[in-house]
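Chemist: Questions regarding the structure given below will be posed in turn.
Bear in mind that the values in this text are calculations on the coordinates, not laboratory data. Because the structure is a prediction, the values reported are computed rather than measured. As a convention, Cβ positions derive from the backbone with ideal geometry for all residues, glycine included, and neighbour counts pool all protein chains shown.
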Amino acid sequence: MYYNELETLPRDKLRELQDTQLRQIIGYVYERVPFYQEQFKKLGIQPGDIRSVEDLPGLPFTRKQDLKDHYPFGMLAVPREQTIRVHASSGTTGRATVVCYTRNDIDIFSEVMARSFIAAGARPGMLLHNAYGYGLFTGGLGTHYGAEKLGMTVVPVSGGMTQRQITLILDLKPEVICCTPSYAQTLGEEFKKMGITPQDLSLKYALLGAEPWTETIRANVDANLGVRSTNLYGLSEIIGPGVSQECIEGRAGSHIWEDHFYPEVVDANTGEPLPDGQEGVLIFTHLTREAMPLLRYWTGDITYLTHEPCACGRTHVRMGSIRGRADDMLIIRGANLYPTQIEEVLKSIPEVVPHYQVVVKREGTLDDVEVKVEVAEDVFREITQEAWSEDILEADHQMRNLRDSIQSEIKGIIGLNMKVTLMVPGTIPRSEGGKLRRVVDLRKL
Ligand SMILES: [Zn+2]
């Protein structure tokens, strides 16, 4: 089942539509956004020079810094009075990024989210437990409006207050849940502690997003909540959640709603476009936004694209799961490292669970990486500290062997020496609904 016929448009028709929309939006931003007009003039480009999405690599990228430089309303293509909503990204590092929506933008936002719900298995009439944060963050309201448009019943619970969430899930019996993958894990663990099995739960489908996750986390969430979870991707600068969504039929990459958001993947260092299957930075060009259309927006997210036909019949291109952010990429002793690479190694070791934290320090001139990982409940033996220190390991051969084998696995697969610390179950910080920091880089302090 699809939300509308655009999702299965033949590729040549989709391209025609994209090219027409692109020509319109290029003329539109040239007329209305001084930032783009200046850029075009500086490069000696006329709006008419861009005829097709194939011409896009001739344009520069728009970066988050450009939005910050024009904070708050300098990138608007319409008078502020014509917008009906403002969202903002968390301003943890300096100024927040503000985005605005016209009524038409909100309609598109709701439509792409409605498509996403259908793709994830949800249907009109189902009850949605929406644990995404409501507020300036786009997650809560974006999914909310999409679910209402589809005709679902929305429980706008927002993030946090886990006990209340548990009660609501048990009492109202939702079929669908939206939250971050780490929060889905938190909920799953709570149910397990309470002795509630997945069979006792009404949940069937979970749309998870707003942070990178892996197949290990998916297996964990599916097992503990009794759902088939899918990836929901988005970012406020493009629209919010619903830029792309994994279909329940394939669960192998997320369909980008590319009649609204045209994607490219480019080399992180050179900016050159990359072919299908190659990992690089994901770039989006708005084809239909009114309030704040962006050309070639540099998301910083690392992934790849595939145009392989999908089991669900949708023709829209798929993106792989997010490998990390270009700015989360750690450079350790000159080598590139994404936290998800460590996670991939840990998932092959049954004695540990996928709760981990990476701490990077600099000792003298050398980078030092410590991986803290929780021991699985059934391997855990009572100790009085939260981690197995060297002197405890001295006496505990089994745990020492486990630690050593994880260290050598990491060394063997990633090629870097890392110190592994075994942690007592439950000691690594859990998500409370917001974004989880897997990496603590003390070199920057
Ligand atoms: Zn599909």
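Chemist: What FRET efficiency comes out for MET329 versus LEU168 if R0 is 35 angstrom and r is the Cβ-Cβ distance? Round to the nearest 0.05. Provide the component values of the computation, followed by the final result.
Modeler: Values: r = 38 Å, r/R0 = 1.09.
The formula returns an efficiency of 0.35 here.
Chemist: Let me ask another. For an R0 of 51 angstrom, estimate the FRET efficiency from the Cβ-Cβ distance between MET194 and ARG80 and round to the nearest 0.05.
Modeler: For R0 = 51 Å, the calculated efficiency reads 0.55.
Chemist: On C-alpha positions alone, give me the angle between the axis of helix 11-32 and the longest principal axis of the chain, in degrees, nearest 10.
Modeler: Compared with the principal axis, the helix lies near 70 degrees.
Chemist: With an 8 Å cut-off on Cα pairs and a minimum separation of 6 or more residues, tell me the relative contact order of the chain in percent.
Modeler: Numbers: 869 pairs, mean separation 60.5, N = 445.
Relative contact order for the chain comes out at 14 percent.
Chemist: Still on this structure: In whole Hz, with x marking every Gly and Pro, tabulate ³J(HN,Hα) for region 146-163 from phi via Karplus 6.51 cos²θ - 1.76 cosθ + 1.60, θ = phi - 60°.
Modeler: Once rounded to whole Hz, the list reads x, 5, 5, 4, 6, x, 8, 9, 9, 9, x, 6, 6, x, x, 6, 4, 4.
Chemist: Continuing with this model, one more query. Output the antiparallel fraction of DSSP beta bridges having both residues in the chain, as a percent to the nearest 5.
Modeler: About 65 percent, rounded to the nearest 5.
Chemist: Same structure again: Identify which of ASP12, ASP222, ASP259 has the largest mean-square fluctuation in a Gaussian network model of the chain, with springs joining Cα atoms closer than 10 Å.
Modeler: Greatest mean-square fluctuation among the candidates belongs to ASP12.
Chemist: Relative contact order of region 83-176, please, whole-number percent, based on alpha carbon pairs below 8 angstrom and at least 6 residues apart.
Modeler: Values: 138 pairs, mean separation 26.5, N = 94.
This gives 28 percent for region 83-176.
Chemist: Once label points are set 7 Å from the Cα along Cα→Cβ at both GLN385 and ASN417, what is their separation, rounded to one decimal in nm?
Modeler: If labels sit at GLN385 and ASN417, their model points lie 2.1 nm apart.
Chemist: So, one more: In sequence order, what are the phi-derived ³J(HN,Hα) couplings for region 297-308 according to the Karplus relation 6.51 cos²θ - 1.76 cosθ + 1.60 with θ = phi - 60°, rounded to whole Hz, with x for glycine and proline?
Modeler: My calculation for region 297-308 gives 6, 7, 6, x, 7, 9, 7, 10, 10, 9, 9, 4 Hz in order.
Chemist: Under the Cβ-under-4.7 Å rule, which cysteines of the chain stay unpaired?
Modeler: CYS100, CYS178, CYS179, CYS310
Chemist: Counting only residues 5 or more places away or on other chains, whose amide H sits under 5 Å from the amide H of CYS247 once H atoms are built in the peptide plane?
Modeler: Placed amide hydrogens put ALA252, HIS255 under 5 Å from CYS247.
Chemist: Give the Rg (one decimal place) followed by the Dmax (whole number) of the chain, computed from C-alpha coordinates and expressed in Å.
Modeler: 22.9, 74
Chemist: In whole angstrom, how far apart do the alpha carbon centroids of region 163-220 and region 319-392 sit?
Modeler: For region 163-220 versus region 319-392, the Cα centre distance is 24 Å.
Chemist: Full extension from THR306 to GLN65: what is 0.36 nm times the residue separation minus their Cα-Cα distance, to one decimal in nm? The partial results should precede the final answer.
Modeler: Working: separation 241, 0.36 × 241 = 86.76 nm, distance 2.91 nm.
Result: 83.9 nm gained on full extension.
Chemist: GNM, the chain, Cα, under 10 Å: largest mean-square fluctuation among SER158, SER52, SER321?
Modeler: Per the Cα network of the chain with a 10 Å cutoff, SER52 tops the list.
Chemist: Here is a follow-up. Springs between alpha-carbon atoms under 10 Å, Gaussian network over the chain: tell me which of GLU409, GLU272, GLU81 tops the mean-square fluctuations.
Modeler: GLU81
Chemist: Between SER348 and ASP107, what length in nm is gained on full extension when 0.36 nm per residue of separation is reduced by their alpha carbon distance? Working shown, then result.
Modeler: Values: separation 241, 0.36 × 241 = 86.76 nm, distance 4.38 nm.
Extending this stretch completely gives an extra 82.4 nm.
Chemist: Looking only at region 330-444, where both bridge partners belong to it, what percent of the DSSP beta bridges are antiparallel (to the nearest 5)? It would help to have the intermediate numbers written out before the result.
Modeler: Values: 13 of 21 bridges.
Antiparallel bridges make up about 60 percent of those DSSP assigns within region 330-444.
Chemist: What angle, in degrees between 0 and 90 and rounded to the nearest 10, separates the Cα long axis of helix 34-43 from the longest principal axis of the Cα atoms of the chain?
Modeler: 80
Chemist: Shifting gears a bit: Which distance in Å, rounded to a whole number, links the C-alpha centroids of region 1-34 and region 41-87?
Modeler: 16
Chemist: Still on this structure, I have one more. Using a Förster radius of 30 Å, what is the FRET efficiency between GLN398 and ARG430 based on their Cβ-Cβ separation? Nearest 0.05, please. Could the numbers behind the result be given before it?
Modeler: Working: r = 27 Å, r/R0 = 0.89.
The pair GLN398/ARG430 has a calculated efficiency of 0.65.
Chemist: Can you spot the lysines whose alpha carbon is less than 29 Å from LYS68's alpha carbon? Ignore those fewer than 8 places along the same chain.
Modeler: Qualifying lysines at Cα under 29 Å: LYS41, LYS42, LYS435, LYS444.
Chemist: Go through LYS361/LYS411; LYS372/LYS411; LYS193/LYS419 and tell me which ones have a Cα-Cα distance over 21 Å in this structure. Before the final figure, lay out the partial values.
Modeler: On the way: LYS361/LYS411 18 Å; LYS372/LYS411 15 Å; LYS193/LYS419 31 Å.
Checking Cα-Cα distances, LYS193/LYS419 exceed 21 Å.
Chemist: Follow-up. Put a dot 7 Å past each Cα toward the Cβ at GLU5 and GLU409; how far apart are the dots in nm?
Modeler: Label at GLU409, label at GLU5, 5.2 nm between them.
Chemist: Can I ask one more? Using a cut-off of 14 Å between alpha-carbon atoms, which aspartates and glutamates can reach LYS347, once sequence neighbours fewer than 8 places away in the same chain are excluded?
Modeler: Cα-Cα hits under 14 Å: GLU215, GLU374, GLU409.
Chemist: Another question, if that's okay. Express the relative contact order of region 330-444 as a whole percentage, based on alpha carbon pairs under 8 Å and six or more residues apart in sequence. Could the numbers behind the result be given before it?
Modeler: Details: 158 pairs, mean separation 38.3, N = 115.
The normalised contact order for region 330-444 reaches 33 percent.
Chemist: Please give, to one decimal in nm, the separation of the simple spin-label points placed at ALA252 and ASN269, each 7 Å out from Cα toward the Cβ.
Modeler: With each label point 7 Å from Cα toward Cβ, the separation is 3.2 nm.
Chemist: Considering amide H positions built from the backbone, and no H for Pro or chain starts, which residues 5 or more places from ILE332, or on another chain, come under 5 Å of its amide H?
Modeler: Placed amide hydrogens put LEU337 under 5 Å from ILE332.
Chemist: Can you work out the Karplus-derived ³J(HN,Hα) for every residue in region 250-258? Use 6.51 cos²θ - 1.76 cosθ + 1.60 with θ = phi - 60°, whole Hz, and x for glycine or proline.
Modeler: Rounded to whole hertz, the list is x, 6, 9, x, 9, 6, 7, 6, 7.
Chemist: Output the 0 to 90 degree angle, nearest 10, between the alpha-carbon long axis of helix 215-225 and the longest principal axis computed from the alpha carbons of the chain.
Modeler: The answer is roughly 80 degrees.
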